[in-house]
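Report on the following structure.
The values are calculated or read from the model by the stated rules, or taken from the named source; none is laboratory data. Model, not experiment: these values are computed from the prediction. Reconstructed Cβ throughout: ideal geometry from the backbone, glycine too, with neighbour counts over all protein chains shown. Side chains are part of the model used for accessible areas, which takes the heavy atoms of the whole protein and leaves out ligands, DNA and RNA. Shrake-Rupley method; radii C 1.70, N 1.55, O 1.52, S 1.80 Å.
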Amino acid sequence: MKFTQEQKSQIRSLFDKMNSKSDFLFLLNKAKMIEYEDKMIDFEEKQLNFYINKDSTNKKDAESLTKNSKNFFYNSFSIKKKSGKERIINAPVTGLKNFQKSLNIILQCVFDCHDAATGFVPGKSIVDNAKIHVGQTYVYNIDLKDFFSSIDKSRIWGRLLFPPFNLNTSSQRKKIANMIAGLACTPMEVERFIDGYWCNIENSVLPQGSPMSPIITNIICERLDRQLTGVSKRFGLNYSRYADDITFSGKHNTYLKGLGVVEKIFEKNSTFDLEVRRIINNEKFHIQEDKVRLQKEGYRQEVTGLVVNNKVNVSKRYIKQLRQWIYYLETYGYDKSYSLFLSNYIDGKKNSSSQTPNMLMVIRGKLLYLKMVKGDKNETYLKLKNRFDSVIMPHSSISFIIDIWKNDGIEKAMEIYYNQKVKNEK
């Protein structure tokens, strides 16, 4: 979310001065005003009390509200990863979500992310992350295991005591740190590496699906980013992190370890490998070993799903598939096109979803992604977009026009509608 420098300065000033729960509530309402403006309804203290005490809610009281007390504050569902495995999303209920959205604004105003962090940072995207590694001989990718749930409540509380938050200057401010950490986390069963073994325990951790979880991951990873940036400079490499996706790249794969001793960088148990693993482990994260990969020049190199061999680009298969689906609409009409699309779409998934995909929405989403990567003046994007716009109306429903209205504004929705109307009348 974007906010003015004046708003940012005001939030920072209020954050620095707050020293009570009432001050904290006042700050939350100031942040809420930035998002909702005249339409906002102030948070009340009883609402704040309810949500900061959510994890200690009496079980009997919780069960009177829901059959499953653990799911009272979050709605859990899974989405399919490219690998076919499931990613669990914990979406907060509306009341809690509103507090988390305000806290997200506050934390973004107070904290400036490290330059190497490109995920969940206003003004940055996967394109910015990929640009750093364009045209390199070696691209080295590491994924972190269970990224969000690796971060627990006590760790967040401890980080808030230090700059730029400085919530350690009074007992009341320490309580506010505890309130923030409590609003951010929820009890979950998680994996922890204890005494050389992975085991399941219940802990209050950061859920994936909360509006404030992304900024907190960047806050917690600040020291990780700083140290890995130092390692990358030491070995003459580039470094970036997009959420749990860590990437190093460079023109070389050799390191002068000592007099006459040359060592490979991207190799198991090399000086570089041991140093990177030491830092990651010290920061209480673990590497997803099956996601570690070295991509060499001459083969397709990808960073966060984008090709980076010569420039940031989508894969050839992405364009081919998008062009094929639009061709179906142009040639066969909607019904047959949808049948062909559905077969192709499901075959392309490692593990298909139970929900039936909306062909027009999928194509439109892919066009928007292409626009983000290539730019709104790119010839390939414009040709595909114009072809899609020319066939969209005969096959779309009123719900799709409403969606265009929501995303692109009423003028764009009416333009498509009337262009098609004129075309049909001819």
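Overview of results
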item: Potential extension, Asp335-Asn29 segment - 0.36 nm per residue separation minus Cα distance; result: 105.2 nm
item: Mean separation of Cα contacts under 8 Å, 6 or more apart, over the residue count of region 1-61: relative contact order %; result: 26
item: Gain on full stretching of the segment that runs from Thr137 to Asp16 - 0.36 nm per residue minus C-alpha separation; result: 38.9 nm
item: Rounded if a/c under 1.5, otherwise prolate or oblate - region 119-228, Cα gyration tensor axes; result: oblate
item: Anisotropy class of region 252-345 from Cα gyration tensor, a/c 1.5 cut; result: prolate
item: Cut-off under 5 Å, modelled amide H: who pairs with Tyr74 long-range; result: Val93
item: Loop trypsin sites (Lys or Arg not before Pro), region 240-325, which have at most 14 other Cβ atoms in a 10 Å radius of their Cβ (DSSP); result: Lys251, Lys268, Lys284, Arg300, Lys311
item: Prolate/oblate/rounded call for the chain, Cα gyration tensor, a/c under 1.5 rounded; result: oblate
item: Solvent-accessible area per residue for the chain (1.4 angstrom probe, square angstrom); result: 55
item: Options Cys109, Met372, Ser170, ranked by Cα towards positive dipole end of the chain, top entry (Cβ charges); result: Met372
item: MRE, 222 nm, helices only [DSSP H, n ≥ 4, -39500 (n - 2.57), over the chain, to nearest 500]; result: -15500 deg cm²/dmol
item: Cα centroid separation, region 240-260 to region 272-341 (Å); result: 21
